[in-house]
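Notes to accompany the following structure.
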Amino acid sequence: MQSVTVNVNSLHHRRNFLSCSVNGSQIRLQLDTASDITVISRRLWKRIGSPQLFPSSVIAKSASGDKLEMDGEFRATVGINGQEKQAVIFVATGELALLGIDLAEAFSLWSVPIDQLCNNVTSTATTPEGIVRKFPGLFKSTMGFCAKAEVTLHLKPNCSPVFCAKRPVAYAMRDAVDAELDRLERLNIITPELIFI
């Protein structure tokens with residue numbers, strides 16, 4: 001197993017960050033020419049979708065010689081500066097987000113001026129109309145529903161439903177309340193229940 005060095009002691013004000021995509025997710029990595037490999041944290045690995053991990057093929061050590069605890073490695077499609085390449089990214093238990101020499105060489109970053117890659121501020125200003133066009137399902141006038149999660153209700157054993165009579169409605173408001181109840185029923189938000197006592 002190969003032994004590599006990972007620099008974990010850089011001062012924040014001296015860091016240069018590079019925006020890239022990993023399996024389609026946009027992240028920022030610190031460009032670190034003292035790190036032999038590209039390493040991200042467990043938290044960042046989860047944020048990009050937790051791609052399948054394999055046992056680490058290297059023994060990583062910090063610049064001080066301490067062993068770096070690794071969760072494993074995964075293959076990913078990495079996009080930098082308009083190019084995409086397959087690469088191996090390592091996952092560490094600590095808070096790291098380093099773009100190492102391996103990716104710098106794969107993307108030939110040595111020949112690109114560092115100020116063209118790092119710390120660029122980009123604007124993603126979008127008009128409200130553009131957001132509505134991009135996410136039309138979120139701005140429909142009809143009632144939506146959650147399709148991202150399932151909910152399970154756990155009731156106490158041997159419990160029975162309780163009927164609560166509706167509160168009296170002022171006569172002047174009855175037509176408005178009936179119209180709203182009819183609208184909610186048409187949208188399948190509520191259903192009428194017949195209870196015989």
(request) Please give, to one decimal in nm, the separation of the simple spin-label points placed at E105 and R167, each 7 Å out from Cα toward the Cβ. (result) 7.3
(request) Give me the net charge of P192's neighbourhood, meaning all other residues with Cβ under 15 Å from the Cβ of P192; Lys, Arg count +1, Asp, Glu -1. (result) -2
(message) Can you give me the % of accessible surface on region 9-79 that is carbon or sulfur? Probe 1.4 Å, all protein chains present, nothing else counted.
(response) 46
(message) From Cα pairs below 8 angstrom and at least 6 apart in sequence, can you work out the relative contact order of region 55-107, rounded to a whole percent?
(response) 29
(request) Output the peptides 142-154, 39-51 sorted from most to least packed, where packing is the average of other Cβ atoms within 10 Å over each peptide's residues. (result) 39-51, 142-154
(message) If I stretch the segment between E193 and R47 completely, what's the gain in nm (0.36 nm per residue apart, minus their alpha carbon distance), one decimal?
(response) 48.1 nm
(request) Find the centroid of the Cα atoms in region 141-177 and in region 18-57, then give the distance between the two in whole Å. (result) 46
(message) With θ taken as phi - 60° and the coefficients 6.51, -1.76 and 1.60, list the Karplus ³J(HN,Hα) couplings across region 28-41 in order, rounded to whole Hz; mark glycine and proline as x.
(response) 10, 10, 7, 6, 10, 6, 8, 9, 6, 10, 8, 10, 10, 7
(request) Between D178 and S62, with labels modelled 7 Å along Cα→Cβ, what's the label distance in nm to one decimal, could you check? (result) 7.5
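The values are calculated or read from the model by the stated rules, or taken from the named source; none is laboratory data. As the structure is a prediction and not an experimental result, all values here were calculated from the model. Positions of Cβ are backbone-derived with ideal geometry, glycine not excepted, and every protein chain shown enters the neighbour counts. Quick note on the areas: whole protein, heavy atoms, side chains included, nothing else; ligands and nucleic acids left out. Shrake-Rupley method; radii C 1.70, N 1.55, O 1.52, S 1.80 Å.
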